[in-house]
Protein chains: 2
Amino acid sequence: MQVYHLDLHELPLFQGVPAAEVEQFIAATGAKIKRVSRGARILDAYKENHNIGVIVEGEAQVLAEDRFGNENVSHNLERGAMLGSTSAIMPQVPYDMAIEALTDVLVLWIPYQALLTAGPKLGRTHGLVMKNLLEAFCRKNVLMMQKIKILSQKTLRERLILYLLYKEQRQGKARVHVPGRVQLAKELECNRSALTREISSMQTEGLLHTGEDWMELDAVKIAAMD
Amino acid sequence: MQVYHLDLHELPLFQGVPAAEVEQFIAATGAKIKRVSRGARILDAYKENHNIGVIVEGEAQVLAEDRFGNENVSHNLERGAMLGSTSAIMPQVPYDMAIEALTDVLVLWIPYQALLTAGPKLGRTHGLVMKNLLEAFCRKNVLMMQKIKILSQKTLRERLILYLLYKEQRQGKARVHVPGRVQLAKELECNRSALTREISSMQTEGLLHTGEDWMELDAVKIAAMD
């Protein structure tokens, strides 16, 4: 491993673990780094998988199937992102997502069974990795719960307000960075022109201020909206 | 512990763990069982929490806050359900859900820090509990991802179809058990009368067959719908 210097200890999964202990972890679990060429599949949908993967280098995209079996781009994965955990942890549930390399990608594959049973061998290191793993799951849970709450709003206005309130919470300030309109419409699952209209009318009513890549809700007017 | 005979080894978190090892697990992690009276709070929103809870007896409900700070009933928890894991695992994220006891409730509280570091002491038992814990998280992830996909559909018809397809997958048969119309409308985040109308028109078109507590999609017609 030492030949490659991939700075694995900088990955979120190894947060708090010194580089030397990361080496030990990899030796003890039998984890391997594999290379996937640009355009190739890192994981196929519905395929058996017994490893938790972490992207060490490169970028990949998640492809989700709709009910007709058509693949749609869901979201991108970068260095540090985990993949394959659902199919490794719940082999009994058919998993309908595939992952494709957008660049050449290096993936660290950790055998799930070895990870579970490495506690006695690795002690404190194991506790840290499990903590980081649970945190990653939990963070995903929180983001999904927020997305569900956003999509459960009856009007586009309420969707946008809740979306911005969550962003405020995460970014820790009232003026939040937002993606471009196309991406924003996708995240709110709405039509782009409907979104543009809604933003204009909220601006006119003084509920919302916007700039090129930011938005800010008028806290007083929003609180009085009910 | 042995005085109570609460059959803790039957809880999903201890699946595969013999009763004697469950006792060992509890001793090693310092887990405690606490009683909460009907109507009292098991967990308050935004409150510090360092334990993962498991309901051993009784029933509780999750209360989620909307953006005005109003509490709404989200869903119920029964024997075996976990609670508090998000706030224990991610103390840095403000957690806006409270949990209230609907009956007298017994909760097993496992200190999260002790759980993480019990690997060397508990060996195989620890691996099994971590496996069960990760599976519970993962199952929740899958259900939330399905809910997001359902709510992302543009029409109520597509929402209902996808909802039923997921039920088919989980229940392993075409004729699936469904909740009453009020609950179903809530799960699809739609108006009940709109749902009733949609169900009727799908029946008329031969896309859907229904009974008192079941629904069945016409697989051939659904596949041809696109």
Please list, short to long, the whole-number percent of alpha-carbon pairs of chain B in consecutive 5 angstrom bins beginning at zero. 1, 6, 11, 15, 15, 13, 12, 10, 8, 5, 3, 1, 0
Take chain A, connect every pair of alpha-carbon atoms lying under 10 Å apart with a spring to form a Gaussian network, then pick out the residue of A:Leu43, A:Leu11, A:Leu207 with the largest mean-square fluctuation. A:Leu207
Within 10 Å of each Cβ in B:138-147, the average number of Cβ atoms from other chains: 6
Nm distances between the label at A:Thr204 and the same-position labels in the remaining copies, 7 Å along Cα→Cβ, shortest first? 3.7
Residue order, fewest to most surrounding Cβ atoms within 10 angstrom, among A:Val176, B:Val105: A:Val176, B:Val105
Where the label is 7 Å out from Cα toward Cβ, how close does B:Ser74 come to the same position in every other copy, in nm, shortest first? 2.1
In deg cm²/dmol, rounded to the nearest 500, the helical mean residue ellipticity at 222 nm of chain A, built from -39500 (n - 2.57) for every DSSP H run of length 4 or more, is -12500 deg cm²/dmol
Out of every Cα-Cα pair in the stretch A:153-223, what percent are more than 19 Å apart? 23
Just to be sure I understand: chains A and B are related by a rotation, so which residue of A has its Cβ closest to that axis, and how close in Å? A:Gly119, 1
Give me the inter-chain shielding for B:92-98: mean count of other chain Cβ atoms within 10 Å, whole number please. 2
Answer check: the stretch A:51-183, Cα atoms, Kirkwood Rh, Rg/Rh ratio of 1.02
Checked against a 21 Å limit on the C-alpha separation, the offending pairs among B:Lys140/B:Lys186; B:Lys34/B:Lys186; A:Lys154/B:Lys186; B:Lys32/B:Lys121; A:Lys34/A:Lys121 are B:Lys34/B:Lys186; A:Lys34/A:Lys121
For a quick protection proxy, order the peptides A:85-95, B:180-190, A:110-120 by their average other-Cβ count within 10 Å, most packed first. A:110-120, A:85-95, B:180-190
Using the beta-carbon distance between B:Ile33 and B:His75 and R0 = 25 Å, what value does 1/(1 + (r/R0)^6) give for FRET efficiency, to the nearest 0.05? 0.60
Please list the non-local residues whose amide H lies under 5 Å from the amide H of B:Ile52, H modeled 1.01 Å from N, same-chain partners needing a gap of 5 or more. B:Ile110, B:Tyr112
For A:Pro12, inter-copy label-point distances (7 Å, Cα→Cβ), nm, shortest first, read 2.4
Under 14 Å, Cβ to Cβ, from A:Phe14 - net charge with Lys/Arg +1 and Asp/Glu -1: -2
Mean 1/r over distinct Cα pairs of the protein assembly as shown, inverted to a Kirkwood Rh in Å, yields 24.3
Once you average over the residues of A:111-118, how many Cβ atoms of partner chains fall within 10 Å of each Cβ? 3
Overall Cα dimensions of the stretch B:1-122, principal axis frame, Å, largest first: 47, 31, 20
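Here, each number is a calculation from the coordinates, and none is a lab measurement. Here the structure is a predicted model, which is why all the values come from computation and not from measurement. Virtual Cβ from ideal backbone geometry, glycine too; neighbours counted across all protein chains shown.
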